[in-house]
Amino acid sequence: MKRLLVSLLLSILLLGCQGSGSSDITPLTLTLWHGINPPSNRVIFEQLVAQFNAQQTDIQVQPIYVGQADQQFPKILTAIVGNSPPDLLWFDSLLTGRLVDLQGIVPLTDWLNQGGRLANLDPSLIPGMTFEGELWSVPFTTSNLGIFYRPDLFAAAGITQLPRTWEELAQVAQKLTQDRNGDGRPDQYGLLLPLGKGEWTVFSWLPFWFSAGGEVVNGTVPLLTEASLGALHFWQKLLHMGVALLSAPERGYEQEGFIQGRVAMQITGPWTLGYLSQTGVPFSVMPIPQAVRPATIVGGANVFLMRTNPRREQAALRFLDYILGDEFQVAWARQTGALPVTQSARQDPEYQAFLADHPLLQVFLTQTQVAYSRPNGADYNRLSNCLGRTIEATLLGQTPERAVAQNRQRCPAAS
C-alpha cells in the first residue's frame, strides 16, 4: 500500500513538472500595428506573417490594423504615453522625428550594420531611415512616382517620342489637349494635376522641386529658392496653357479621368499597375521629365521597433529580419506590385521572372537611383501643411511669389 501511494505521488509530481515546463515555452506574442491598404494587401500581409509564425516555437507576431495615418497617430501617442505601445509599428518614415522626441522607439543603427543588412538595402531608402545621426526603422516596402500615360492617345495625337524635359512635357501635353466637339472647352487634357493642400499634392509636387535642384536644408524645404519658385511656376504654366486639368480637391490620386480618356497623363506609382491592368485600358509609364536633374520621390512604409523591454525588443528583431529577407520581400513584391527594398530580393530569380512578365516595373526600379526622401523631422506635419497651402494657392491662381509670401511663416525655418 505504501509503495502504491509513493508511486501515485511521484506520478503527480512528474505531471506537475511537465505542466510547468509547458508553460515556460508558451510563445511570446508580439503585436504589430499597421495601416496596410487596400484590404487585399492586408490579407497578403497576414498570410506572410502566418508563414513566419509557423516557423517559430517561442514567438508569434499578431498584426493589428489600426486605421489610416490620420487615425493612427492619436492611438500611437496614447499608447506611448500610457506605457502600452505595440512591439512593432508600421508607418510612414515621416513620423520618425516625433517618435524619437517621444522616446518611443529604439535606434537600429548597430543592428542594421551587422550581417550586411544595411549594405543590402536600396541606398535611396537610407535618408528616410535616418534622424540625428541614427537609423530608426526598417523599410517594409518602397515605391516612387512616375507618369502613367495612354499610348493610344499619344498615337492619335501623332506623338512618337516621350518627353524627357519639362519643356517637352508641356509641348506633349499641348498636343494631347483637344476640343473634339468645338464647344471651346477641352474634352481631353494632357495631364492631371492634384488640387488640394494635403500630403498627396505635396508628394506629387516634390519630385519637380527636387528636379529643379531643391535640397532639404536642416530638415525643411526652403520656399524662397529658385527651385521652389521654378517648380511652382511650371505647374502654374501648365494650367495657364490650358493643358492640365485639376483634380477634385484632395482626390488627385483617383484615376477615373485617366481611365475614361479625359486626361492622357497622370502622376502616380507602381501600386497602380494591378488596378489599371484590370480595367483593360491601354497604359504605360515614363520617368518624370526633368528640369536640371532627373528626380522622383521615395514612397512606401517603414517598421519601427517600439521601446518595451529587452526581451520583447530582441524577439521583435527576429521579425524585422524576416521582413528584410528575400522570402518576404519577393512574395510581397510579386503579390502587390511594390518594389523590394533589398538588392538581393531584386536579383532573386523568382523576382527576376516576375519582372520579365511586368516590364513597366523597371521604370520605377531604375528611378530608385534618383529618388529623394521627404524630411522626417518632428515638424514635418507643419512643413507639409505649409507646402500644401502654397501649392494649392498657386494652382488656384496666385503668383508663386505671393503664395510663398503668404504661407512661408507656416514653414519650419531653414536656418
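If the Cβ limit is 6 Å and pairs must be 6+ apart or interchain, which residue in segment 385-409 that is more than 13 Å from Lys197 (Cβ to Cβ) pairs with which residue that is of a type outside the set (S, T, N, Q)?
Pro400/Leu229; Pro400/Leu232; Pro400/His233; Val404/Leu223; Arg408/Leu223
Would you mention how many residues in segment 99-117 are free of Cβ contacts under 8 Å to residues at least 60 places away in the same chain and either touching an Asp or Glu at 6+ places or on another chain (Cβ under 8 Å) or not in a loop (DSSP other than H, G, I, E, B) (or both)?
Within segment 99-117, the first condition is being free of Cβ contacts under 8 Å to residues at least 60 places away in the same chain, and the residues that meet it are 102, 107, 109-110, 112-116.
Now narrow it down to the ones that are either touching an Asp or Glu at 6+ places or on another chain (Cβ under 8 Å) or not in a loop (DSSP other than H, G, I, E, B) (or both): 107, 109-110, 112.
Final tally of qualifying residues: 4.
Within segment 281-300, is there a residue that is touching a helix residue (DSSP H, G or I) at 6+ places or on another chain (Cβ under 6 Å), at pLDDT below 95 and more than 30 Å from Thr29 (Cα to Cα)?
no
Quick one: what pairs do we get from segment 162-176, first residue closer than 21 Å to Trp209 by Cβ, second modelled with pLDDT of 95 or more and charged (D, E, K, R), C-beta under 8 Å, 6+ apart or different chains?
Ala170/Lys237
Taking segment 79-96 as the search range and keeping residues that are closer than 21 Å to Trp200 by Cβ and in a helix (DSSP H, G or I), which one is farthest from the chain's Cα centre (by Cα)? Quick ask: steps written out before the conclusion?
So the first thing to find is which residues in segment 79-96 are closer than 21 Å to Trp200 by Cβ, and the list is 90-96.
In the following step, the residues that additionally are in a helix (DSSP H, G or I) were identified as 93-96.
Numbers: Ser93: 8, Leu94: 10, Leu95: 12, Thr96: 14 Å.
This residue is Thr96.
Exactly one condition in (1) surrounded by 15 or more Cβ atoms within 10 Å (Cβ to Cβ); (2) not in a helix (DSSP H, G or I) is false for Ile391; which is it?
(2)
I'd like to verify a number: residues in segment 219-252 that are part of a loop (DSSP other than H, G, I, E, B) and either within 22 Å of the chain's Cα centre (by Cα) or more than 27 Å from Gly377 (Cβ to Cβ) (or both), how many?
11
Of the conditions (1) under 25 Å from Tyr275 (Cα atoms); (2) touching a Ser or Thr at 6+ places or on another chain (Cβ under 7 Å), Val303 satisfies every one except a single condition; which number is it?
The single condition Val303 does not satisfy is (1).
State which residue is farthest from Asp179 (Cα to Cα) when the search covers only segment 253-312 and only residues that are part of a helix (DSSP H, G or I) and among the aromatic types (Phe, Trp, Tyr). Spell out the reasoning first.
Here is the first cut: in segment 253-312, the ones part of a helix (DSSP H, G or I) are 256-260, 272-279, 310-312.
Restricting the remaining residues to those that are among the aromatic types (Phe, Trp, Tyr) gives 258, 275.
On the way: Phe258: 17, Tyr275: 29 Å.
Result: Tyr275.
Let me confirm something: among Gly67, Gly158, Gly128, which residue is farther than 30 Å from Phe208 by Cβ and either in contact with a helix residue (DSSP H, G or I) (Cβ under 8 Å, 6 or more places away or on another chain) or not in a strand (DSSP E or B) (or both)? Lay out the reasoning, then the answer.
Numbers: Gly158 fails: farther than 30 Å from Phe208 by Cβ; Gly128 fails: farther than 30 Å from Phe208 by Cβ.
The conditions single out Gly67.
What number of residues in segment 108-117 are surrounded by fewer than 17 Cβ atoms within 10 Å (Cβ to Cβ) and either β-branched (Val, Ile, Thr) or under 21 Å from Pro375 (Cβ atoms) (or both)?
Summing the residues that are surrounded by fewer than 17 Cβ atoms within 10 Å (Cβ to Cβ) and either β-branched (Val, Ile, Thr) or under 21 Å from Pro375 (Cβ atoms) (or both) in segment 108-117 gives 1.
Regarding segment 172-189, can at least one residue be identified that is crowded, with 21+ Cβ neighbours inside 10 Å, part of a strand (DSSP E or B) and at pLDDT 95 or above?
yes
Name, by its number, the condition in (1) surrounded by fewer than 17 Cβ atoms within 10 Å (Cβ to Cβ); (2) within 25 Å of Ser93 (Cβ to Cβ); (3) touching a residue at least 12 places away in the same chain (Cβ under 8 Å); (4) more than 20 Å from the chain's Cα centre (by Cα) that does not hold for Arg382.
Result: Arg382 fails condition (4) only.
Here are Gln72, Gln56: which of them is modelled with pLDDT under 90 and surrounded by 15 or more Cβ atoms within 10 Å (Cβ to Cβ)?
On the way: Gln56 fails: modelled with pLDDT under 90.
On inspection, the qualifying residue turns out to be Gln72.
Just one of (1) over 20 Å from Arg374 (Cα atoms); (2) part of a helix (DSSP H, G or I); (3) modelled with pLDDT of 95 or more trips up Gln62, so point out which.
Gln62 satisfies all of (1) over 20 Å from Arg374 (Cα atoms); (2) part of a helix (DSSP H, G or I); (3) modelled with pLDDT of 95 or more except (2).
The values are calculated or read from the model by the stated rules, or taken from the named source; none is laboratory data. Keep in mind that what you see is a predicted model, and the values were worked out from it rather than measured. Because the Cβ atoms are built from the backbone with ideal geometry, glycine has one as well, and the counts that use them run over all protein chains shown.
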